[in-house]
1. In deg cm²/dmol and to the nearest 500, what is the mean residue ellipticity at 222 nm of the chain if only DSSP H runs of at least 4 residues count, each as -39500 (n - 2.57), divided by the residue total?
2. Treat each spin label as a single point 7 Å out from the Cα along the C-beta direction, and report the Ser56 to Thr78 distance in nm.
3. Just want to confirm a number: the relative contact order over the chain, from Cα pairs under 8 angstrom separated by 6+ residues, in percent.
4. In degrees, nearest 10, range 0 to 90: what is the angle between the Cα axis of helix 7-21 and the longest Cα principal axis of the chain?
5. Dipole of the chain, Cα-centred, from +1 at each Lys and Arg C-beta and -1 at each Asp and Glu C-beta, to the nearest 20 debye?
6. Apply the Karplus curve 6.51 cos²θ - 1.76 cosθ + 1.60, θ = phi - 60°, to the phi angles in the stretch 103-114 and return the couplings in whole Hz, x for Gly and Pro.
7. What is the P(r) of the stretch 7-125, as percent of Cα-Cα pairs per 5 Å bin from 0?
Amino acid sequence: MALGIVATTRNNMLDEITADIGSSGLLRIFSGTQPATGGAETTKLAELALSATAGSTSGGVLTLGAISDDASADATGTATWFRLCTSGGTAVVDGTVGTSGADLNFDSVSFVSGGTVSVSSFTITAGNA
């Protein structure tokens with residue numbers, strides 16, 4: 001039998017992510033091998049600013065608020081993973097990047113230095129939600 005977590009607990013877990021990110025967190029996109037969660041960052045391709053309040057939770061799903069574009073990507077490369085972090089860069093959540101089936105999906109994972117990087121929506125779903 002799969003682990004079942006009641007809705008209130010799922011929402012509390014996701015709300016803790018928002019609390020840990022704090023005010024005006026960041027979404028960083030990287031190339032290279034994803035480290036163990038919270039490990040050393042690899043080549044940063046882009047950095048996007050999160051809303052003052054990172055997001056809101058309902059029904060076991062954390063929906064991030066508006067994410068500002070990065071109008072000038074930091075480097076050229078293939079995006080492979082992301083990090084949600086505090087405004088000071090402290091890691092909170094790491095995940096995969098791809099074109100489908102990843103934690104964060106883009107139309108293309110080929111980023112070009114100086115290009116614009118946009119995220120139209122981003123959700124995190126707690127187990128069994």
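FYI, it's all coordinate maths here, none of it is from the lab. Keep in mind that this is a model prediction, so the values were computed, not measured. Heads up, the Cβs are rebuilt from the backbone with ideal geometry, glycines too, and the neighbour counts pull from every protein chain shown.
1. Numbers: 1 runs with 15 residues, N = 129.
-4000 deg cm²/dmol, from helical runs alone.
2. Computed distance between label sites Ser56 and Thr78 equals 3.9 nm.
3. 30 percent
4. Between helix and principal axis, roughly 40 degrees.
5. Here the size comes out at about 140 debye.
6. The phi angles translate into 5, 9, 10, 10, 4, 9, 9, 8, 9, 10, 3, x Hz.
7. 2, 12, 22, 25, 22, 11, 4, 1, 0
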